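Worksheet: the structure to be examined is printed underneath.
Since every read-out is calculated from the coordinates, none of them should be taken as a lab result. The structure displayed is predicted, hence computed values, not measured ones. Cβ coordinates were reconstructed from backbone atoms using ideal geometry, including for glycine residues, and neighbour counts include every protein chain displayed.
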Amino acid sequence: MKLNIQIILIITGVLIGILSITGSESQNTEDLSRNLIPEDLVMAEGNSILPVSDISVPDPQVVRTINVIITAYSSTVWETDDTPYLTAAGTWVRDGIIANNYLPFGTKVRIPELYGDKVFVVEDRMSWKKGNYQIDIWFPCYVEAKNFGAKRTYVEILES
């Protein structure tokens with residue numbers, strides 16, 4: 001009986017020691033977070049630093065503007081090649097993809113008169129017959145692309 005009480009006392013002492021060490025570590029972590037972490041960041045769970053508020057990202061700068069004819073296309077076999085859902089850059093088609101023969105893949109552009117601040121990315125090519133100053137916007141459905149028609153406007157080429 002005396003041995004069981006001694007074991008219980010030893011285990012209790014060990015647990016109290018562990019809890020007091022853990023408590024002092026969390027206190028030290030709080031002190032560190034107050035002194036070393038900038039005011040716009042906060043420490044979470046003692047091991048992660050998170051922003052307090054969203055950091056505003058500056059708008060990309062316009063490198064130049066060019067006048068273009070804008071048309072539309074969709075993922076149909078008669079408008080594309082035998083892989084209608086794969087762009088010439090090797091990515092899957094999605095909203096915001098455009099095709100152009102002049103601009104390099106990855107070039108970001110805006111079409112302010114038609115889409116405001118929405119950013120499009122060149123990831124596809126067009127028939128060589130279309131020339132350099134035509135842009136095709138990808139639409140998920142043929143009817144939407146057909147209804148878009150053709151428009152003359154300008155695009156803003158953004159810094160990369």
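A few remarks follow.
- Within the stretch 62-158, DSSP assigns beta bridges of which about 65% are antiparallel (rounded to the nearest 5).
- Of all lysines in the structure, those lying under 21 Å Cα to Cα from K108, and not within fewer than 8 positions of it along the same chain, are K118, K130, K151.
- For Y142, net neighbour charge (Lys/Arg +1, Asp/Glu -1) across residues whose Cβ lies under 15 Å away: -2
- Label-to-label distance for S160 and E144 is 2.8 nm, based on points extended 7 Å past Cα in the beta-carbon direction.
- With a simple spin-label model that places each label point 7 Å from the Cα along the Cα-to-Cβ direction, the separation between Y85 and I66 comes to 3.1 nm.
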